[in-house]
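The block underneath contains the structure these notes are about, expressed in structure tokens.
The values are calculated or read from the model by the stated rules, or taken from the named source; none is laboratory data. Keep in mind that this is a model prediction, so the values were computed, not measured. Cβ sites come from the backbone with ideal geometry, for glycine too, and all protein chains shown count toward neighbours. Ligands, DNA and RNA are excluded from the accessible area calculation, which covers all protein heavy atoms including side chains. Shrake-Rupley method; radii C 1.70, N 1.55, O 1.52, S 1.80 Å.
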Amino acid sequence: MANGRCFSSPVGFFTIYEQNGALVRLAFGKENESGSSPLLAAAVRELEEYFAGVRQVFDLPLAPKGTVFQQRVWHALQQIPYGQTASYKQLAAAVGNPLACRAVGGANNKNPLPIFIPCHRVIGTDGKMVGYAGGLKIKQFLLELEQKCR
């Protein structure tokens with residue numbers, strides 16, 4: 001069973017979950033969780049630092065659950081540098097299947113650890129912002145935060 005903790009950010013509440021010594025999920029919104037652990041405390045601290053513009057890389061153990069393809073996409077997302085973006089097409093090429101833009105989009109959408117695994121850094125090939133689980137306002141906020149603090 002995962003242990004969870006709520007966190008208030010400049011864009012609203014998140015609930016962070018850990019299991020077996022690794023973060024497994026970050027949910028948008030406040031869920032009925034009040035857990036505590038050194039890892040959850042560290043996750044809140046690192047998120048606070050991120051939102052303050054002083055943290056660009058997270059140093060926490062992550063264990064997102066997904067298919068082999070999803071894992072490859074999530075690993076590729078973590079290679080997009082802070083303050084930069086990549087298109088779905090570029091991400092598909094990075095995982096070795098340049099024609100898999102839709103599949104990459106699907107994996108991006110299933111990312112259980114947004115922000116920690118920066119799916120907000122993926123944009124359309126035309127440079128426009130496209131879907132984000134937390135909504136486009138939050139995605140825009142995160143991208144602008146990273147541009148400003150780069």
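Return the residues of region 1-36 that are at pLDDT 90 or above and not in a strand (DSSP E or B); say none if nothing qualifies.
Pro10, Val11, Asn20, Gly21, listed by residue number.
Only residues that are charged (D, E, K, R) and under 24 Å from Phe141 (Cα atoms): list them for region 11-43, please. Before the answer, list the steps.
Of the residues in region 11-43, the ones charged (D, E, K, R) are 18, 25, 30-31, 33.
Once the filter is applied, which keeps residues that are charged (D, E, K, R) and under 24 Å from Phe141 (Cα atoms), region 11-43 yields Arg25, Lys30, Glu31.
For region 1-57, how many residues meet the condition of being open to solvent by 50 Å² or more (accessible area, probe 1.4 Å), more than 12 Å from Phe116 (Cα to Cα) and hydrophobic (A, V, I, L, M, F, W, C)?
5
I need the full set of residues from region 66-112 which are more than 23 Å from Leu145 (Cα to Cα), in a helix (DSSP H, G or I) and aliphatic (A, V, I, L, M), in order please.
Within region 66-112, Val68, Val73, Ala92, Ala93, Ala94, Ala103, Val104, Ala107 qualify.
Yes/no matrix, rows are residues, columns are (1) touching an Asp or Glu at 6+ places or on another chain (Cβ under 9 Å); (2) of a type in the set (Asp, Glu):
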| position | (1), (2) |
| --- | --- |
| Ala2 | yes, no |
| Glu33 | no, yes |
| Leu39 | yes, no |
| Ala42 | yes, no |
| Glu46 | yes, yes |
| Glu49 | no, yes |
| Leu60 | yes, no |
| Pro64 | no, no |
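Restricting attention to region 63-90, which residues are of a type in the set (A, V, I, L, M, F, W, C) and surrounded by fewer than 17 Cβ atoms within 10 Å (Cβ to Cβ)? So that I can check it myself, show each step before the final result.
Filtering region 63-90 for residues of a type in the set (A, V, I, L, M, F, W, C) gives 63, 68-69, 73-74, 76-77, 80, 86.
Ala63, Val68, Phe69 - these are the residues of region 63-90 that are of a type in the set (A, V, I, L, M, F, W, C) and surrounded by fewer than 17 Cβ atoms within 10 Å (Cβ to Cβ).
Condition first: small (Gly, Ala, Ser) and over 18 Å from the mean Cα position of the chain (by Cα). Now tell me which residues in region 95-112 satisfy that.
Across region 95-112, the qualifying residues are Gly96, Ala100.
Name the residues in region 113-150 that are part of a helix (DSSP H, G or I), crowded, with 16+ Cβ neighbours inside 10 Å, touching a residue at least 24 places away in the same chain (Cβ under 8 Å) and not acidic (Asp, Glu), would you? Full working, then the answer.
Initial filter on region 113-150 (part of a helix (DSSP H, G or I)): 119-121, 136-149.
Subsequent filtering for residues that are crowded, with 16+ Cβ neighbours inside 10 Å retains 119-121, 138-139, 141-143, 145-146.
Add one more test, that the residue is touching a residue at least 24 places away in the same chain (Cβ under 8 Å), and what stays is 119, 121, 138, 141-143, 145-146.
Listed by number, the residues that qualify are Cys119, Arg121, Ile138, Phe141, Leu142, Leu143, Leu145.
Does any residue of region 111-126 turn out to be polar (S, T, N, Q) and either touching a Gly at 6+ places or on another chain (Cβ under 9 Å) or under 21 Å from Pro64 (Cα atoms) (or both)?
Here is the first cut: in region 111-126, the ones polar (S, T, N, Q) are 111, 125.
Applying the additional criterion that residues be either touching a Gly at 6+ places or on another chain (Cβ under 9 Å) or under 21 Å from Pro64 (Cα atoms) (or both) yields 111.
Yes, some residue in region 111-126 is polar (S, T, N, Q) and either touching a Gly at 6+ places or on another chain (Cβ under 9 Å) or under 21 Å from Pro64 (Cα atoms) (or both).
What do you reckon, is Ile115 of a type in the set (A, V, I, L, M), at negative phi and under 14 Å from the mean Cα position of the chain (by Cα)? Spell out the reasoning first.
On the way: of a type in the set (A, V, I, L, M): yes; at negative phi: no; under 14 Å from the mean Cα position of the chain (by Cα): yes.
In short, no.
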